[in-house]
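Asker: What follows is a structure written as C-alpha cells; I'll ask about it next.
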C-alpha cells in the first residue's frame, strides 16, 4: 500500500487504525510527508486543528485509487422522507453516498459500509441505572423496536476486508450490524451473562432527553454542531429533535423487517469471525453494566 488516508473524529477511526496497524501491512506514519494530527474537540471537529493541517497540504484526495466511506442508511428515501425519521447525521452521510453512486465513470474504486449505533453505547449513552433493589434498569425509549448494533472491532474488520478484497468490494454498498436486538432482549441477555437482575424500561423520550443532555449548554435544546459552528442560526436541529427521530429509526426497525435491515448471511460470509450476538460482545468486552466515561458531553 503506497498511500493511506483515514479521516474521522472518534471511536470508529480508533478501531480502524488499531486493526490496520496490527496487520503490519499498513504503515501510514512510515510514508514520507505524513503527520498525525489529533482531534481534541469534545464533540465534532477541532476546526482549528483541521485548518492548521489543511494549510500545510498541497492537495486533498489526489489520485485516490480506493475510497472506503463510512456511511449510514438513507432512511429519508426509504421512508418517503417521513419528517419523524429525519436524523441529521444519517441524512448527511446518505447524501454523500448518493453522490458517490452517481460517479459511474470514476476511475476511483469506492466501497460504502453503512454502520449504525455502537453496542459500546451500552457503557455510557445507553448504560443501565441501578435501582434501589439492585436491579439494572435499561431505560431506553425504544418501544417494541430493535437496535441494529455494530461493534467497533468488527466494523474495522469490514474495512480491512474491503481493502484486501477490492475485486469484491469495489462498487459495493452494504450495511453491517451484530444483530437486531430489542430492549427486553438486552436486559435478558445481560442478566443471563452476569447473574445480575435486569429489566428493560420503555423510557419516555422527554425523560431520556432530560437525563442525557445535562452537560450541553442549553440541554436538549442545544443545536447539533454547536462546538464547530458558533452561529446558532446556521444550525438546523436541536439534540432533542435529532435524537427523538434517531430513536424513531430503531422503533421502526424491529425484527430486521422494518426500516433498517441487514443481510446477516452475507456478513457471515465476508467476515466469519464477526461478533454475531450482543451476548457474545458482552462476554468479549467483559461488560458489567458499569458506566464508563468516553464522551465528555455525556458525563
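Rule-based calculations on the coordinates, nothing more; no lab input. Predicted, not measured: the structure shown is a model, and the values here were computed from it. Virtual Cβ from ideal backbone geometry, glycine too; neighbours counted across all protein chains shown.
Asker: How would you rank 67, 163, 142, going from fewest to most other Cβ atoms within 10 Å of each one's own Cβ? Provide the component values of the computation, followed by the final result.
Answerer: Values: 67 15, 163 18, 142 26.
Result, fewest neighbours first: 67, 163, 142.
Asker: Okay, moving on. Exposure proxy check: 89, 66 ranked by fewest other beta carbons within 10 Å? Show your work: numbers first, answer last.
Answerer: Values: 89 13, 66 16.
Ascending number of Cβ neighbours within 10 Å: 89, 66.
Asker: Taking the beta-carbon count within 10 Å as an exposure proxy, list 126, 237 from fewest neighbours to most.
Answerer: Values: 126 21, 237 17.
Going from sparsest to densest Cβ surroundings: 237, 126.
Asker: State, to one decimal in nm, how far the label point of residue 173 lies from the label point of residue 57, with both points 7 Å from Cα in the Cβ direction.
Answerer: Between residue 173 and residue 57, the simple spin-label model gives 2.4 nm.
Asker: Then there is this: Roughly how far apart, in whole Å, are the Cα centres of the stretch 144-185 and the stretch 240-280?
Answerer: Computed from Cα coordinates, the inter-centre distance equals 9 Å.
Asker: I've got another one for you. Please determine, in degrees from 0 to 90 and to the nearest 10, the orientation of helix 88-101 with respect to the longest principal axis defined by the Cα atoms of the chain, where the helix direction is its Cα long axis.
Answerer: 30
Asker: Continuing with the same structure: Quick one: grab the alpha carbon gyration tensor of the chain, order the square roots of its eigenvalues as a ≥ b ≥ c, and give me rounded if a/c is under 1.5, else prolate or oblate depending on whether a/b is larger than b/c. Write out the running numbers ahead of the final one.
Answerer: On the way: a/c = 1.56, a/b = 1.34, b/c = 1.16.
It is prolate, given that a/c is not under 1.5 and a/b is the larger ratio.
Asker: First measure r as the distance between the Cβ atoms of residue 24 and residue 64, then evaluate 1/(1 + (r/R0)^6) with R0 = 25 Å and state the FRET efficiency to the nearest 0.05. Please report the intermediate quantities before stating the final value.
Answerer: Numbers: r = 23 Å, r/R0 = 0.92.
About 0.60, to the nearest 0.05.
Asker: Within the stretch 95-109, what residues put their amide N at less than 18 Å from the label point 7 Å along the Cα-to-Cβ vector of residue 77?
Answerer: Under cut-off, by backbone N: 95-106.
Asker: Rounding to the nearest 10 and keeping the result within 0 to 90°, find how far the Cα-based axis of helix 239-251 lies from the longest principal axis of the chain.
Answerer: That works out to roughly 80 degrees.
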